[in-house]
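Readers should treat all values here as calculations from the given coordinates under stated rules, not as data from a laboratory. As the structure is a prediction and not an experimental result, all values here were calculated from the model. Reconstructed Cβ throughout: ideal geometry from the backbone, glycine too, with neighbour counts over all protein chains shown.
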Amino acid sequence: AQSVTQPDIHITVSEGASLELRCNYSYGATPYLFWYVQSPGQGLQLLLKYFSGDTLVQGIKGFEAEFKRSQSSFNLRKPSVHWSDAAEYFCAVDPGDNAGNMLTFGGGTRLMVKP
Amino acid sequence: KAGVTQTPRYLIKTRGQQVTLSCSPISGHRSVSWYQQTPGQGLQFLFEYFSETQRNKGNFPGRFSGRQFSNSRSEMNVSTLELGDSALYLCASSGTNEQFFGPGTRLTVL
């Protein structure tokens, strides 16, 4: 069974500092990979996705992620964090075998931003 | 395009009751997936409907069911509610390979 691990439950960074959120997955093939963000009381907003091709993908709000097949990782990065980035971030995988849409999520990383 | 809408946004029920949640996908999207989010278990896939047929199913008991109508709107039903069913229920619609989520329905079971 596929699984997604986000090792950091909480992360605190200062505003303006760089950010990296870790994500590791376990799956036989290369799945489709996603990062979502959730603000309190809200649904999930898609930040970026990787299906194939260039392993560095750009997303919204200045985020990017790098797929590393050898490490089964898909880490999310942002060069300079803004206070409005405080939220919970979820990494997710989809089997990517055209069998439908069913995401497996990591446990999430809650980001806090210090002024 | 309008986003994914879910109704109601909040629900309070008591144990043993049943509940029906509704999801209207983005226009043109034929796939609707449902997820349960709880503090203890995180985000878990319930099921997916595509063109009125259940295409995938997660590991939930039979008390959880769903359906999809010809206009792609979907409903999920939970019968014989338990305290542990208290959660945020999210639906997502998909046209291709990415899913767009609604704001969720917060269900509280007393």
| Which FRET efficiency value, to the nearest 0.05, is calculated for residue B:2 and residue A:51 with the Förster distance at 22 angstrom and r the Cβ-Cβ distance? | 0.30
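How large is Rg/Rh for segment B:1-52, to two decimals, with Cα atoms and a Kirkwood Rh? Numbers along the way, then the final one.
On the way: Rg = 13.1 Å, Rh = 13.1 Å.
Rounded to two decimals, Rg/Rh equals 1.00.
For segment A:1-103, give the magnitude of the charge dipole about the Cα centre (Cβ charges: +1 Lys/Arg, -1 Asp/Glu; no others), in debye to the nearest 20. Present the calculation step by step, with values, prior to reporting the outcome.
Details: 7 positive and 10 negative charges, 22 e Å.
Using only the charged Cβ atoms, the result is roughly 100 debye.
Given Cβ point charges of +1 (Lys, Arg) and -1 (Asp, Glu) and nothing else, what value in debye, to the nearest 20, does the dipole of the protein assembly as shown about its Cα centre take?
Details: 20 positive and 16 negative charges, 81 e Å.
With Lys and Arg at +1 and Asp and Glu at -1, about 380 debye.
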| note | Per the charge dipole of chain B (beta-carbon charges, Lys/Arg positive, Asp/Glu negative, Cα centre), the residue among B:102, B:71, B:29 reaching farthest to the positive end is B:71
| Does segment B:51-110 come out rounded, prolate or oblate by the C-alpha gyration tensor, with a ≥ b ≥ c the root eigenvalues, rounded set by a/c under 1.5 and, if not, prolate when a/b is larger than b/c and oblate if not? | prolate
| field | Under 5 Å, built H, 5+ apart or other chain: amide partners of residue B:5 | value | B:24
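Could you give the length gained on full extension between residue B:108 and residue B:67, defined as 0.36 nm per residue of separation minus the Cα-Cα distance, in nm? Walk me through the intermediate numbers first.
Values: separation 41, 0.36 × 41 = 14.76 nm, distance 2.20 nm.
In short, 12.6 nm is gained.
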| request: Would you mind telling me which residue in B:21, B:88, B:43 has the biggest mean-square fluctuation in a Gaussian network model of chain B, where springs connect alpha carbons within a distance under 10 angstrom? | output: B:43
| field | Net dipole in debye of chain B [+1 Lys, Arg Cβ; -1 Asp, Glu Cβ; about Cα centre; nearest 20] | value | 140
| note | Taking N as the number of residues in the protein assembly as shown, the ratio of its alpha carbon radius of gyration to 2.2 N^0.38 Å works out to 1.01
| message | On the principal axes of its Cα set, how long, how wide and how thick is segment A:40-115? Give whole Å, largest value first. | response | 43, 27, 20
